[in-house]
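Each remark here refers to the structure printed beneath this line.
What follows draws every value from the coordinates through simple rules; no lab data is involved. Only a predicted model underlies this, so the values are computations on that prediction, with no experimental measurement involved. We place every Cβ from the backbone using ideal geometry, glycine too, and count neighbours over all the protein chains shown.
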Amino acid sequence: MNFMGLFVVGVRFSKVGKLYHFDASKITDLRNGDHVVVETSRGWQLGEVAQILSQPPAGVESSLKPVDRRATPRDLLMRQMWQAKEAEVLVNARARAKELALKGVKIVAAEYSFDGSRLAILYTTETEEKADLKSLRQDMQRMYNQSQVEMRQIGPRDAAKIMGGMGACGLETRCCSKFLTDFSSISIRMAKEQGISLTPSEITGMCGRLRCCLIYEYEQYVEARKELPKRNKRVITPLGEGKVVDVAPIRQTVIVELADIGRREFPKDDIKPADEYEAFTQKAQNGCGNECSCKTNGGDKGAGKGK
């Protein structure tokens, strides 16, 4: 849609990749699925329109780069031609890295720009220290002198996304390769909140990092726990008084340890906090009924009245 003279589209450069916004004001008949040629910080790229925005992203109207043109059949054929050469580059880069004895460096992929003017060789390292790949880059530049070669370091999650394969949970395709376009920040707290075992094999993905799926239901567990009592809290159940030993947030039930009975599971609506129940009972015994205003007025209901 056109918004105040600006027509914004979201463009994706890989099947499961991030969206980048561009100004398509000169080509306002674009539709989802159309291929376009745009200039990026990494040279000219060919991407697919995946989003038509009803209004431009806040605060970026002036910084959006324009869509150069709709991709032609020749552009698409050129991209396929250069993509077909990436496997050869990958094999040669790995072989040369082995000859140079680059320890801890793993060559993951090679990517040409759609017109072949740039060649990016993607790699990961086993340590946080920056690897010296000057010799490797120079050798690859001499081997592929028709393109500008760059060595680009990526993280373990990005590497897993590119390589694909079966997920640690048994799914045939990893989430990152199948549908995740961005990586969220994952913490160990998310596993604890959902009662997931903290055994490394249970919470670690194939990339060696905490599994992305730990965030999928995290918010639901947080909200569900707000309605339940915390562990070790004393509660009154239909079977008597006991102590909360665990909760099942999604089922909205509470597991209570009862004297002489053991552990039993109750729906949250069937239990009451023991301290509140005792306070209510004490008031009832003192002759303070449901209409008592002690709690709100801070004194006896008849206080202040004349005798």
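From the phi of every residue in the stretch 194-210, what ³J(HN,Hα) in whole Hz does the Karplus formula 6.51 cos²θ - 1.76 cosθ + 1.60 yield, where θ is phi - 60° and glycine or proline is x?
9, x, 7, 4, 8, 4, x, 5, 7, 10, 9, x, 5, 7, x, 10, 4
How much net charge surrounds Met78 when only other residues with a Cβ under 12 Å from its Cβ are counted (Lys, Arg +1; Asp, Glu -1)?
Its environment carries a net charge of +1.
Mind scanning Lys18/Lys178; Lys85/Lys106; Lys98/Lys161; Lys230/Lys268; Lys65/Lys130; Lys178/Lys226 and naming the pairs with a C-alpha gap bigger than 22 Å?
Those over the limit are Lys98/Lys161; Lys65/Lys130; Lys178/Lys226.
Just want the answer: with Cβ charges of +1 for Lys and Arg and -1 for Asp and Glu, which residue in Thr237, Met166, Ser113 is farthest toward the dipole's positive end in the chain?
Among Thr237, Met166, Ser113, the one farthest towards the positive end of the dipole of the chain is Ser113.
Enumerate the whole-percent occupancy of each 10 Å bin, from 0 to the last occupied one, for all C-alpha pair distances of the chain.
5, 17, 19, 18, 13, 10, 10, 6, 3, 1, 0
Tell me the angle of helix 134-143 to the major Cα principal axis of the chain, expressed in degrees between 0 and 90 and rounded to the nearest ten.
Relative to the chain, helix 134-143 is tipped by roughly 50 degrees.
So which aspartates and glutamates can Lys272 reach, going by Cα to Cα under 16 Å and dropping same-chain residues fewer than 8 places off?
By straight Cα distance, Lys272 reaches Glu227, Glu241, Asp246, Glu257.
Applying the Karplus parametrisation 6.51 cos²θ - 1.76 cosθ + 1.60 with θ = phi - 60° to the phi angles of the stretch 233-247, what ³J(HN,Hα) value in whole Hz is obtained for each residue in order, glycine and proline being reported as x?
Using θ = phi - 60°, the values come out as 7, 7, 9, 9, 10, x, 9, x, 7, x, 10, 5, 10, 6, 9 Hz.
Between the helical axis of 274-285 and the dominant principal axis of the chain, each derived from Cα atoms, what acute angle in degrees is found, rounded to the nearest 10?
Result, in degrees: 30.
Taking the Cα centre of each part, how many Å lie between the stretch 141-203 and the stretch 235-269?
40
Which three lengths, in whole Å and largest first, does the stretch 82-154 cover when its Cα atoms are put on their principal axes?
34, 21, 17
Rounded to the nearest 5, what % of the DSSP beta bridges within the stretch 82-154 are antiparallel ones?
Counting only bridges with both partners in the stretch 82-154, antiparallel ones make up about 55 percent.
Could you give the size of the charge dipole of the chain about its Cα centre, using +1 on the Cβ of each K and R and -1 on the Cβ of each D and E, expressed in debye and rounded to the nearest 20?
320
With θ set to phi - 60°, apply the Karplus curve 6.51 cos²θ - 1.76 cosθ + 1.60 along the stretch 108-117 and write out the HN-Hα couplings as whole Hz, x wherever there is a Gly or Pro.
Those phi angles translate into 9, 7, 10, 10, 8, 5, 4, 9, x, 6 Hz.
In the stretch 137-231, what trypsin sites (Lys or Arg not before Pro) fall in a loop by DSSP, with at most 12 other Cβ atoms inside 10 Å?
Of the trypsin sites (Lys or Arg not before Pro), the ones in loops of the stretch 137-231 whose Cβ has at most 12 other Cβ atoms within 10 Å are Lys226, Lys230, Arg231.
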